[in-house]
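Asker: Handing you a structure now.
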Amino acid sequence: MAKILVTGGLGYIGSHTVVALQEAGYEVVVVDNLSNTLAEVEDSIEKISGTRPIVHHFDVAEQGKLQNLIQDEGVEGIIHFAAFLQVNESVENPLKYYENNIGTLVSVGKAARDSGNLPIVFSSSCTVYGNPETLPVDENAPIVNSESPYGQTKIVGEQILKHAADAGDFPVISLRYFNPIGAHPSGEIGELQFGEPHHLVPYITETASGKRSELKIFGSDYPTSDGTCVRDYIHVMDLAEAHVAAMKKALSLKRGNFEAVNIGTGKGTSVLEMVKSFENATGLEVPYVLADRRAGDAIAVYASAGKAKDWLKWEASRSLDETFRDAWNWEKNLAKKNIPERENV
Ligand code: UFG
């Protein structure tokens, strides 16, 4: 089996993908600068899979170091996660986001090109579609300039990789994720929270645990079935397994290929439905208030998941109930961890 480099492999989606790759028989090399995670995640991965990945702590923007590692280890494919991901922070500090997210991408691209044209699986987002006019949204929908620098780094990132693929540098599969949630069922890995969460489900679980008094639902007058925004929420292990399917495919592609693929469930769920489903799955109560709209939110976004099914032979399989049970299990374990207070990035 091929040896795969996972950049940002100790982060939320990265760590689940490392486990899924190991379970599928791949050898894994991780590069992570620990900017938004903890080194202990390595122990947690080993606990789950029984195998400790090879891990190096440095910034993948250090291209020479990255290229030496790829060549020394005999890496055959790269999954590139390493990026900053907070929408709000990117609006306050755009250059930090462009420097990091584009800098790391270019470094990974050059290292892949100069190490034998290695295939790249890129971590993109449904944010490239903005507020789509047609639902479910498929990969041919127009790409809309993002309101946030974070979102724009995903659009520009795809363009950079497309141009490089067109020039024959390597093959690329860009995975456009919808909303990843939940955690590994073991409760060993999940999304670490270094401060205020930035996504709906951690707010729900922190409210259920009593850490927060109530959940604010941003907007209840949208043109949706119950007035709240609709998203396509996908279990992070389903998403991790999509990366394994994508890497398997990418290893068979010739350089010059670039494909973008939606990774979602194909099902839209409103914020209110999420709260009710969480309560049903866990038996817990989530006090909430209906609050003002949050600036920049799309009304409804959910995937056309057909290309992933036909071309990658992958589809999401975990139910929302299962996902909420795993999210709650993680929240309880998170409460026992001694996480240093610092800013999320
Ligand atoms: N929401 C609430 N209350 C909260 C948190 C969120 O009502 O406390 C709502 C949001 O308004 C939205 C939905 O829950 O309607 C989902 O919000 P998230 O923040 O969890 O996710 P987003 O859909 O906003 O974010 C996703 C990706 C980002 C990406 C963004 C682009 O997670 O990486 O889409 O729009 F940048």
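Asker: Helix 320-336 sits at what angle to the longest principal axis of the chain, using alpha carbons and giving 0 to 90 degrees rounded to 10?
Answerer: Taking Cα atoms only, the helix is inclined about 90 degrees.
Asker: Whose amide H sits under 5 Å from the amide H of L215, counting only residues 5 or more places off or on another chain, with H placed in the peptide plane?
Answerer: Those qualifying (amide H under 5 Å, at least 5 residues apart or on another chain) are Y288, V289.
Asker: Would you mind telling me the antiparallel percentage of the DSSP bridges in the chain, rounded to 5?
Answerer: Values: 2 of 38 bridges.
Looking only at bridges with both residues in the chain, the antiparallel portion is about 5 percent.
Asker: Applying 1/(1 + (r/R0)^6) with R0 = 41 Å to the Cβ-Cβ distance of E23 and E92, what FRET efficiency is obtained, to the nearest 0.05? Write out the running numbers ahead of the final one.
Answerer: Values: r = 39 Å, r/R0 = 0.95.
Result of the calculation: an efficiency of 0.60.
Asker: Amide H to amide H under 5 Å from V31: which residues, 5+ apart in sequence or cross-chain, H placed 1.01 Å off N in plane?
Answerer: Counting only residues 5 or more places away or on other chains, the set is V6, T7, G8, G9, H56.
Asker: Follow-up question, since we're still on this one. In Å³ and rounded to a whole number, note down the convex hull volume per residue for the Cα atoms of region 201-345.
Answerer: Working: hull volume 23.5 nm³, N = 145.
Roughly 162 Å³ of hull volume per residue.
Asker: If you don't mind, there's one more thing I want to ask. Could you give me D for region 116-207, from Stokes-Einstein at 20 °C and 1.002 mPa s, where the hydrodynamic radius is the Kirkwood radius over C-alpha pairs? Units µm² s⁻¹, please.
Answerer: Working: Rh = 15.6 Å.
Once the numbers are plugged in, D ends up at 137 µm²/s.
Asker: Per residue of region 231-246, in order, report the coupling 6.51 cos²θ - 1.76 cosθ + 1.60 (Karplus, θ = phi - 60°) as ³J(HN,Hα) in whole Hz, putting x for Gly and Pro.
Answerer: Going residue by residue, I get 9, 10, 8, 10, 4, 4, 6, 4, 4, 4, 5, 5, 5, 5, 4, 5 Hz, with x marking Gly and Pro.
Asker: Would you calculate, for the chain, the mean residue ellipticity at 222 nm contributed by helices, counting each DSSP H stretch of 4 or more residues as -39,500 (n - 2.57) and dividing by all residues, to the nearest 500? Present the calculation step by step, with values, prior to reporting the outcome.
Answerer: Values: 11 runs with 125 residues, N = 345.
Calculated at 222 nm, the ellipticity per residue is -11000 deg cm²/dmol.
Asker: Run down the lysines and flag those whose C-alpha is under 19 Å from the C-alpha of K96, throwing out any fewer than 8 positions away in its chain.
Answerer: Within reach: K154.
Asker: Longest segment of the chain with no trypsin sites (Lys or Arg not before Pro) in a DSSP loop having at most 15 other Cβ atoms within 10 Å? Show your work: numbers first, answer last.
Answerer: Working: sites that count: K211, K254, R293, R294, K313, K337, R342.
Between exposed loop sites, the widest span is 1-210.
Asker: Using all Cα-Cα distances in region 21-157, what percent lands in each 5 angstrom bin from 0 up to the longest?
Answerer: Using 5 Å bins, I get a P(r) of 2, 9, 17, 18, 18, 16, 12, 7, 2, 0 for region 21-157.
Asker: Pull out the extension gain between K276 and I143, defined as 0.36 nm times the separation in residues minus the alpha carbon to alpha carbon distance; nm, one decimal.
Answerer: Numbers: separation 133, 0.36 × 133 = 47.88 nm, distance 3.27 nm.
Result: 44.6 nm gained on full extension.
Asker: Follow-up question, since we're still on this one. Quick check: convex hull of the Cα atoms in the chain, volume per residue, rounded to a whole Å³? It would help to have the intermediate numbers written out before the result.
Answerer: Numbers: hull volume 42.2 nm³, N = 345.
Per residue, the Cα convex hull of the chain comes to 122 Å³.
Asker: Calculate, for E133 and Q159, the FRET efficiency according to 1/(1 + (r/R0)^6) with r their C-beta to C-beta distance and R0 25 Å; round to the nearest 0.05.
Answerer: Values: r = 22 Å, r/R0 = 0.86.
Efficiency computed from Cβ-Cβ geometry: 0.70.
Asker: Work out from phi, with θ = phi - 60° and the Karplus expression 6.51 cos²θ - 1.76 cosθ + 1.60, the ³J(HN,Hα) of each residue of region 203-219, listed in order in whole Hz, and give x for Gly and Pro.
Answerer: Computed from phi, the couplings for region 203-219 are 5, 4, 5, 5, 6, 4, 7, x, 5, 10, 7, 7, 8, 9, 9, 7, x Hz.
Asker: Follow-up. Can you work out the FRET efficiency for the pair K313 and N117, with r the C-beta to C-beta distance and R0 = 25 Å, to the nearest 0.05?
Answerer: Working: r = 24 Å, r/R0 = 0.96.
So the FRET efficiency works out to roughly 0.55.
None of the figures in this text is laboratory data; all of them are computed from the coordinates on show. Model, not experiment: these values are computed from the prediction. Every residue, glycine among them, receives a Cβ derived from its backbone with ideal geometry; neighbour counts consider all protein chains shown.
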